[in-house]
1. Looking at the range 37-49, I want the residues that are touching a residue at least 40 places away in the same chain (Cβ under 8 Å) and have a partner that is among the aliphatic types (A, V, I, L, M) with Cβ atoms under 8 Å, at least 6 apart or on another chain. Which pairs are those?
2. Taking only the range 162-175 into account, find how many residues are of a type in the set (Lys, Arg) and either touching a helix residue (DSSP H, G or I) at 6+ places or on another chain (Cβ under 9 Å) or closer than 13 Å to residue 117 by Cβ (or both).
3. I need the full set of residues from the range 136-148 which are under 15 Å from the mean Cα position of the chain (by Cα) and either closer than 11 Å to residue 69 by Cα or aliphatic (A, V, I, L, M) (or both), in order please.
4. Considering the range 211-241 alone, what residues qualify as being surrounded by fewer than 14 Cβ atoms within 10 Å (Cβ to Cβ), farther than 17 Å from residue 201 by Cα and touching a residue at least 24 places away in the same chain (Cβ under 8 Å)?
5. Give the range 129-161 a look and list any residue that's free of Cβ contacts under 8 Å to residues at least 40 places away in the same chain and either touching a helix residue (DSSP H, G or I) at 6+ places or on another chain (Cβ under 7 Å) or among the small types (Gly, Ala, Ser) (or both), or say none.
6. Quick one: would you say residue 221 is farther than 30 Å from residue 25 by Cβ, assigned by TED's automatic domain parsing to the domain that holds residue 105, over 19 Å from the mean Cα position of the chain (by Cα) and not basic (Lys, Arg)?
7. Condition test on residue 46, is it under 28 Å from residue 219 (Cβ atoms), among the aromatic types (Phe, Trp, Tyr) and touching a helix residue (DSSP H, G or I) at 6+ places or on another chain (Cβ under 8 Å)?
8. Taking the range 3-18 as the region of interest, how many residues are of a type in the set (S, T, N, Q) and loosely packed, with under 14 Cβ neighbours inside 10 Å?
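The values are calculated or read from the model by the stated rules, or taken from the named source; none is laboratory data. Remember, predicted model here, so these are calculated numbers, not experimental data. Quick reminder, even Gly has a Cβ in these numbers, built from the backbone with ideal geometry, and neighbours come from all protein chains shown.
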Amino acid sequence: MNDYQQFIANIKRKTGIDLSLYKEAQMKRRLTSLYEKKGLKNFQQFFAAMEKDEALFHEFLDRITINVSEFYRNAKRWEVLERKILPKLLAQNRRLKIWSAACSTGEEPYTLAMILSKFVPLADISILATDIDENAIARAQIGLYTERSLQEIPEEMKKKFFTKEGMYYKIDEKIKKAVKFKKHNLLADPFGRFFDLIVCRNVLIYFTEEAKQKLYHQFNEALRPGGILFVGSTEQIFNPVLYGFEIEDTFFYRKK
């Protein structure tokens, strides 16, 4: 067993996270740059250091979960969601069951809540938002964001749902209440059922083909018939019928 394989085994034993399901070259490059920055020489030293230093362990989690997000990321796709997808779903059910998977620091589920508030009262909105990284969830629950996170957001939404506090923007409490955050490992933990909409964007690209195929099947099982899976702009499913989906629009897939 080489240095990295031993590290994978140690991490799985410690956290339940299976790094073998992530693309190896990308993950090794990302983690090597982190341990070299800390003056460590190999993965064995890196793991030993993490065992003693909780801050380093959280840095490791941040690095593997790629917490890069912003509101209305790839804005044209959110327009399709607002104009085409949500009206169809809401015609069938006014209280949608929605899951924002791998939600990072909360920009995605809060974007969902803001868009949904155009159709239904905020008090009627409940979005499940999950991520593997407890640090990211904690930051999401605080709801403070930089100018950079808000660069794609429509001006009327910015005025309506954010208050400037020094260098940061604080999201409205009513939006925060519409989102319930929970720790969840996409690659290991069970999924809920009967969702109307699952949003999982810009994370599948980091997984192996085998892991992605398994997730597509699991997402399909987690949706109700006619429910929608919304993926990121580099995550097109090339043969959706294999997983029980039909194309609803670009990057939107309907459960058959």
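1. 43/31; 47/11
2. The number of residues fulfilling the criteria is 2.
3. Passing the criteria: 136, 137, 138, 140.
4. 221, 225
5. If the condition is that a residue be free of Cβ contacts under 8 Å to residues at least 40 places away in the same chain and either touching a helix residue (DSSP H, G or I) at 6+ places or on another chain (Cβ under 7 Å) or among the small types (Gly, Ala, Ser) (or both), then 138, 143, 158 are the ones that fit.
6. Taking the combined requirement at face value, the residue does not satisfy it.
7. So residue 46 fails the test.
8. Matching residues across the range 3-18 total 1.
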